[in-house]
Amino acid sequence: MDDAPHAEGGASTQPLQITELLSFRVRRLANLLSASAGPRFRREFDVSLPEWRTLALLGQTQPMTVNKLARLAALDKAQMSRVISGLVDRGLVSKSLGPRRSSQLTLTDSGQSLFEQIIAAANERDQTVLAVLEPEEREVLDRALNKLADVAIVLDHHEHETPG
């Protein structure tokens, strides 16, 4: 698959091209998966991907603040606020005052019903995508993704530390 020369242990002896970098490959895969999911969620459920992610995150853990939702969905606070406003206007999410005057967001009954439908569709899609992998490959992928996420978190914390 890869014609690049590799040193002992599989490490490349030459710098990788951008298309070979892990971050590029993971982002590309995520974008491809999102690009194919977006039209389906819009057509079947009349939600955008940011709306779907917001409903799914709230369906998993509620109540939640805009800030926490934005962090988890990898959106900035302004984008998340626009998504939330649209979902509130559609009667899918409700806001209430929480600790320290923060807005606490929860799914309405309609939002919960929609969440249950779209999470089922997302799980079906996930199984279709993962079906190309053998069970052992799925386990290895899961462990690898967890390890890589742990390293990414450490790197992110390191990058945001202020010099002492």
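The values are calculated or read from the model by the stated rules, or taken from the named source; none is laboratory data. Quick caveat, the model's predicted, so the values are computed rather than measured. Every residue, glycine among them, receives a Cβ derived from its backbone with ideal geometry; neighbour counts consider all protein chains shown. All accessible areas refer to the heavy atoms of the entire protein, side chains included, with ligands and DNA or RNA removed. Shrake-Rupley method; radii C 1.70, N 1.55, O 1.52, S 1.80 Å.
Details
- Exactly one residue out of 22, 33, 69, 107 is farther than 25 Å from residue 153 by Cβ and hydrophobic (A, V, I, L, M, F, W, C), and it is 107.
- Selection from the range 57-107 of residues that are farther than 24 Å from residue 120 by Cα, touching a residue at least 12 places away in the same chain (Cβ under 8 Å) and assigned to a strand (DSSP E or B): 96, 103, 104
- Residue 137 vs. criteria closer than 23 Å to residue 27 by Cβ and modelled with pLDDT of 95 or more: yes
- Only one of 81, 85, 96 that is more than 15 Å from the chain's Cα centre (by Cα), small (Gly, Ala, Ser) and open to solvent by 60 Å² or more (accessible area, probe 1.4 Å): 96
- Count of the range 109-151 residues which are within 29 Å of residue 39 (Cβ to Cβ) and either in contact (Cβ under 8 Å) with a residue 60 or more places away in the chain or under 17 Å from the mean Cα position of the chain (by Cα) (or both): 20
- Among the residues making up the range 103-135, those that are in contact with a helix residue (DSSP H, G or I) (Cβ under 8 Å, 6 or more places away or on another chain) and of a type in the set (Ser, Thr, Tyr) are 103, 106.
- Restricting the first member to the range 13-35 and to residues that are open to solvent by 80 Å² or more (accessible area, probe 1.4 Å), and the second to residues that are of a type outside the set (S, T, N, Q) and not in a loop (DSSP other than H, G, I, E, B), the beta-carbon pairs closer than 8 Å and six or more apart or on different chains are 13/6; 18/24; 19/25; 22/148.
- Screening 74, 131 for residues that are open to solvent by 40 Å² or more (accessible area, probe 1.4 Å) and at positive phi leaves exactly one candidate, 74.
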